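> Below are the structure tokens for one structure; questions will follow.
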Amino acid sequence: MPLTSFAGASTPLPSSPPSRLSSSATSTFKEASPALLNLERVYEQNRQRTQKRNGTTAAAKHSESVLHSPPAPPAPPKGKPRLLLMGQRASGKSSISSVVFHKLPPNETLFLESTSRLQKDDMASFMDFQVWDFPGQIDYFEDSSINMDAIFGEMGALIWVIDSQDDYLEAVTRLNNTILNVLRNYPSIKIEVFIHKVDGLSDDFKMEIHRDIIIRVQDELSDQGFENAPVNFHLTSIYDHSIFEAFSKVIQKLIPRLGQLEAMLTSLCRTCRFEKAYLFDVLSKIYIATDSTPAEMASYEVCSDFIDGIIDIIEVYGSWERPSAYHQRLEAEQHQPLADQIACPWAESCIVLADGSKPILLREVDKSLALVAVMQEGSYDKIPLINMNVDVVVKGLTEFFKITKHKK
């Protein structure tokens, strides 16, 4: 139920007692009757008692509001949310940023130069945010000349990247120092640890490293008085979809009212009997929301690759600028404007996988978002009914991002 603001009715103050006799009246009447003197004394006592009571109540209310009221909420952060990529040198920070946000093929990251200075990238997508790539050789907490508020003052997430194929003891030590400084001064920032480059490790060795790093971090934080610190760990690699899965979970923590998005997708899955539904950021292939069922890497990979195929087709056929004579000829043949000949202004596609016979539906929400759902086998015949339900959800998603979009 939406909150409703009610204006409280103001309680009128008690009316003041009748004024005492004026000086001219007292000078005229030298002697007053006992009844009049008694009435006057009663009025004076009531006036003093009322003033004293009002003053005491106001002071008590002020004292109570100062002592017992909860602290005022902090002012909302200004600017764009930030993703801060930190870690040791050559841990893979620049490769992660290039693959996820700039669509660089993973094999070409071998030719990237080491980051020597802070790099800031603005991402104009469903949510405007920034990605800051920090050089690994600088310890920002030991340099007193660096303004920490300018780095950690905005809402966002700190992503610490650890190279799992290298000696990570020094990286864990710097990570613990960073976490302690952040938790003490900027407790609202999200802290995520990417245990990176796990593609060349066996499953057993991968889990052993993952467990060892978690124990080292949690033990150090516990010794410093931070029990159950809000630190999350992810196994990542740029050569599979694990890096996109990890970034999806990070981005979701920065989205306001994420539960409403998940509720809409869950309702759509129940109504249309979808196995899984994702709301993708088309630019980065990060899913910003999904339904309440547990996410599966296999379904995510298929849906992500499907988006790549649609984008490739759009780049070939959709971006080709047709000459005006071509538009005029189409309008002359159909005797109506070209806009009226288009069935829908948004992109829509549906394919059926050959191996599992499960249709996959894609529907464009806007230029940055796409709804991708894995349907059940045999549900392709119900596409018209499914499209009606998808239309309702897409309209709801559009209104959601209009309301929650950051006001500049």
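> Out of (1) assigned to a strand (DSSP E or B); (2) within 30 Å of GLU377 (Cα to Cα), the odd one out for ILE307 is which?
The number of the failed condition is (1).
> Failed condition for LEU112, given (1) modelled with pLDDT under 90; (2) of a type in the set (A, V, I, L, M); (3) over 25 Å from SER304 (Cβ atoms), with all others met?
(3)
> Can you tell me which residue among LYS285, LYS249, LYS253 is touching a helix residue (DSSP H, G or I) at 6+ places or on another chain (Cβ under 6 Å), of a type in the set (D, E, K, R) and within 22 Å of LEU397 (Cβ to Cβ)?
After ruling out the rest, the residue left standing is LYS285.
> PHE306 - would you say it is in contact (Cβ under 8 Å) with a residue 40 or more places away in the chain, out of contact with any Leu (no Cβ under 7 Å at 6 or more places or on another chain) and of a type outside the set (D, E, K, R)?
no
> So which of ASN181, ASN176 ends up being polar (S, T, N, Q), surrounded by 17 or more Cβ atoms within 10 Å (Cβ to Cβ) and within 21 Å of VAL217 (Cα to Cα)?
Step by step, each of ASN181, ASN176 is checked, and only ASN176 is polar (S, T, N, Q), surrounded by 17 or more Cβ atoms within 10 Å (Cβ to Cβ) and within 21 Å of VAL217 (Cα to Cα).
> While we're looking at this one, here's another question. Write out, first by first residue and then by second, each pair whose Cβ atoms fall under 8 Å of each other, whose residues are 6+ apart or on separate chains, and whose first residue, in the stretch 208-219, is touching a residue at least 24 places away in the same chain (Cβ under 8 Å) while the second is in a helix (DSSP H, G or I) and aliphatic (A, V, I, L, M).
Filtered contacts from the stretch 208-219: ILE213/VAL172; ARG216/VAL172; VAL217/VAL172; VAL217/LEU175; VAL217/ILE179.
> Can you pull out every residue in the stretch 257-284 that is small (Gly, Ala, Ser) and either surrounded by fewer than 18 Cβ atoms within 10 Å (Cβ to Cβ) or part of a helix (DSSP H, G or I) (or both)?
Those that are small (Gly, Ala, Ser) and either surrounded by fewer than 18 Cβ atoms within 10 Å (Cβ to Cβ) or part of a helix (DSSP H, G or I) (or both): GLY259, ALA263, SER267.
> Failed condition for GLN218, given (1) under 24 Å from ILE286 (Cβ atoms); (2) modelled with pLDDT under 95, with all others met?
Exception for GLN218: condition (1).
> Among the residues that make up the stretch 248-255, is at least one of them farther than 30 Å from GLY153 by Cα, modelled with pLDDT of 90 or more and either hydrophobic (A, V, I, L, M, F, W, C) or surrounded by 21 or more Cβ atoms within 10 Å (Cβ to Cβ) (or both)?
Within the stretch 248-255, none of the residues are farther than 30 Å from GLY153 by Cα, modelled with pLDDT of 90 or more and either hydrophobic (A, V, I, L, M, F, W, C) or surrounded by 21 or more Cβ atoms within 10 Å (Cβ to Cβ) (or both).
> Let me ask something additional. Exactly one of these conditions fails for ALA150: (1) loosely packed, with under 14 Cβ neighbours inside 10 Å; (2) in contact with a Phe, Trp or Tyr (Cβ under 7 Å, 6 or more places away or on another chain); (3) aliphatic (A, V, I, L, M). Give me its number.
Tallying (1) loosely packed, with under 14 Cβ neighbours inside 10 Å; (2) in contact with a Phe, Trp or Tyr (Cβ under 7 Å, 6 or more places away or on another chain); (3) aliphatic (A, V, I, L, M), ALA150 fails exactly one: (2).
> So, one more: Looking at (1) in a helix (DSSP H, G or I); (2) closer than 28 Å to LYS206 by Cα; (3) out of contact with any Lys or Arg (no Cβ under 6 Å at 6 or more places or on another chain); (4) of a type in the set (Ser, Thr, Tyr), can you tell me which one TYR287 breaks?
Condition (1) is where TYR287 drops out.
> Take SER299 and tell me if it is surrounded by 15 or more Cβ atoms within 10 Å (Cβ to Cβ), assigned to a helix (DSSP H, G or I) and at pLDDT below 90.
Yes: the conditions hold for SER299.
So that you can scan it fast, the table gives a plain yes or no per residue for (1) more than 29 Å from the chain's Cα centre (by Cα); (2) surrounded by fewer than 17 Cβ atoms within 10 Å (Cβ to Cβ); (3) not basic (Lys, Arg):
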{"site": "GLU154", "(1), (2), (3)": "no, no, yes"}
{"site": "PRO187", "(1), (2), (3)": "no, yes, yes"}
{"site": "HIS196", "(1), (2), (3)": "no, no, yes"}
{"site": "PHE205", "(1), (2), (3)": "yes, yes, yes"}
{"site": "ASP212", "(1), (2), (3)": "yes, yes, yes"}
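> Select from the stretch 262-284 the residues that are at pLDDT 90 or above and in contact with a Phe, Trp or Tyr (Cβ under 7 Å, 6 or more places away or on another chain) and list them in ascending order.
LEU268, TYR278, LEU279, PHE280, ASP281
> Would you mind stating whether GLU170 is over 27 Å from the mean Cα position of the chain (by Cα) and not hydroxyl-bearing (Ser, Thr, Tyr)?
Spelling it out, GLU170 is indeed over 27 Å from the mean Cα position of the chain (by Cα) and not hydroxyl-bearing (Ser, Thr, Tyr).
The values are calculated or read from the model by the stated rules, or taken from the named source; none is laboratory data. Please read all numbers here as calculations on a predicted model, not as lab measurements. Backbone-built Cβ (ideal geometry, glycine too); neighbour counts: all protein chains shown.
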